[in-house]
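Working notes for the structure below.
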Amino acid sequence: MHDEEWLADRFESHRAHLRAVAYRMLGSLSDADDAVQETWLRLARTDTSDVHNLGGWLTTVVARVCLDLLRSRRSRREEPIEPRLPDPIVSREDRNDPEYAALQADSVGLALLVVLDILTPAERLAFVLHDMFGVPFTEIAPIVGRSPGTATQLASRARRRVRGAPAPDVDLVAQRRLVEAFLAAARDGDVDGLVAVLDPDVVLRIDSGAAGGLRQVRGVRTVAAGALTFSRVATHAEPVIVNGVAGVLTTTPEGTPVSVTGCTVRDGRIVAIDILADPERLRALDRSS
């Protein structure tokens, strides 16, 4: 095998990990893919003969690429970037194979990704690398240009800020039952049925893209009323997994996607509902998984 082929083969063995790091850093699947591609380009033009831990080296490179992208987003405040939901990872429930199991184990909830968007780029990097991937602060510090102690403080601040992100119940079957009850109540116009499955402080986020941007409402009665309105738009609902939790793909009778919804369930109630209803992003949705 030629050196370039050998290097490409080794890179491919790390691609899934690098994409997971980039997705958590950026919240965008396309940007994550771009960051991974840039990491490959940097690897291809670098002499790595003295690199003893290629996985660690690649993680550092992709983290630097993502940090630059996040800082670039922040620097364009003269042209504010509209807030939006992170790209969802959607897969079908009937899959039973190693690739699907790996996706489930590697998923991170939309509710957490939404909170990560409020962090500074350095805070997000320190939190993602250390708390999600176990990278030591001695390796994080040079990436953010700080001391290990400061890097520790960055992750600590981030940890406090994301503490409010709900951690979902792990029982996917129970999640699905609750989501089905929610959908049935919405279709039937059953406000009491909706209230019964929603947490009193439930938050509903809807990203409609250019049509209306990202809207957020909170509280069981307000969210129940919104669910009744939104349920009239789509006529078909297919159960799917959205970032590791029970979700729904809704379409028109012709099969055109109307929305992707992820429901975060905690302590037997739905505490967060995240709906992507941006037609442009839905058209790009990969539904083959």
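Values for this structure:
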read-out	value
Cβ-Cβ under 7 Å pairs, at least 6 apart or on other chains, the range 125-139 side modelled with pLDDT of 95 or more, far side part of a loop (DSSP other than H, G, I, E, B)	127/119; 129/135
Conditions (1) outside any strand (DSSP E or B); (2) open to solvent by 50 Å² or more (accessible area, probe 1.4 Å); (3) without any contact (Cβ under 8 Å) to a residue 60 or more places away in the chain; number of the one not met by residue 210	(3)
Matching residues, the range 104-124, being assigned to a helix (DSSP H, G or I) and either open to solvent by less than 50 Å² (accessible area, probe 1.4 Å) or at pLDDT 95 or above (or both)	104, 110, 111, 112, 113, 114, 115, 116, 121, 122, 123, 124
Enumeration of residues in the range 14-43 that are open to solvent by less than 60 Å² (accessible area, probe 1.4 Å), part of a helix (DSSP H, G or I) and small (Gly, Ala, Ser)	20, 22, 32, 35
Among (1) touching a Lys or Arg at 6+ places or on another chain (Cβ under 7 Å); (2) open to solvent by 20 Å² or more (accessible area, probe 1.4 Å) - the single one residue 217 does not satisfy	(1)
Residue 153 in contact (Cβ under 8 Å) with a residue 60 or more places away in the chain and out of contact with any helix residue (DSSP H, G or I) (no Cβ under 8 Å at 6 or more places or on another chain)	no
Any chance residue 247 is touching a Gly at 6+ places or on another chain (Cβ under 6 Å) and either part of a strand (DSSP E or B) or modelled with pLDDT under 90 (or both)	yes
Conditions (1) open to solvent by less than 10 Å² (accessible area, probe 1.4 Å); (2) in contact with a Ser or Thr (Cβ under 9 Å, 6 or more places away or on another chain); (3) not charged (D, E, K, R); number of the one not met by residue 263	(2)
Residue pairs meeting the criteria (Cβ under 6 Å; at least 6 apart or on separate chains; first free of Cβ contacts under 8 Å to residues at least 60 places away in the same chain, in the range 165-176; second outside any loop (DSSP other than H, G, I, E, B))	165/111; 165/112; 165/115
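The values are calculated or read from the model by the stated rules, or taken from the named source; none is laboratory data. All of these numbers come straight from a predicted model, not from anything done at the bench. When we count neighbours, we look across all protein chains shown, and the Cβ atoms used for this are built from the backbone with ideal geometry, even at glycine. The accessibility values were calculated without ligands, DNA or RNA, using every heavy atom of the protein model including side chains. Shrake-Rupley method; radii C 1.70, N 1.55, O 1.52, S 1.80 Å.
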